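K.L.:
Below is one structure. I have some questions about it.
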Amino acid sequence: MKRFILLLLLVYVSILTTSCFPGYSDYRYNLINGYILVRSSKHEIVIVPEDGWQSDEQIISAKVVEVAWNDRYVIAKQYGLKLENDYNDYEIPDKSKVYYWILDTEQQKRYGPYNKKEFDNELRNYNLENLTLKNVEYYKNK
């Protein structure tokens, strides 16, 4: 009987910790001017103002896969999302849909989506060629 109660307690604690607390792999880190990168699940990685936003023009939505920034701009590579299957509304990355963004954190305005060639041209226009996109995991513990 004691083993059964202990087993029930362990199951209860497991359910509680996985449903009420952030996942082990979830994280967030500061970028610049109040912007943060937030990973709330495997495919939900976004760039948002820490104190909230009023429009989609102020954010870069999921799934952000690469990022870089300086004292004003954030640049990002994003995969579009698609439904995993017809039976649920879970979305997974669609690597055939690659978008690039430039986010002006002072104006809280994003520019894009760009394809790679357009993005490279815009980096030159904004004098951001010195920024190098890196996987979002790269900055996680810095």
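K.L.:
Which lysines, if any, have their Cα less than 27 Å from the Cα of Lys134, not counting same-chain residues under 8 positions apart?
P.N.:
Lys42, Lys63, Lys77, Lys82, Lys95, Lys97, Lys109, Lys116, Lys117, Lys142
K.L.:
For Tyr111, list long-range residues whose amide hydrogen, built 1.01 Å from N in the peptide plane, is under 5 Å from its own amide hydrogen.
P.N.:
When sequence neighbours closer than 5 places are left aside, the close amide H contacts are Ile102, Leu103, Asp104.
Every number in this text was worked out from the coordinates using simple rules, so none of it is lab data. Note that the coordinates shown come from a computational prediction; the quantities given were computed from them, not determined experimentally.
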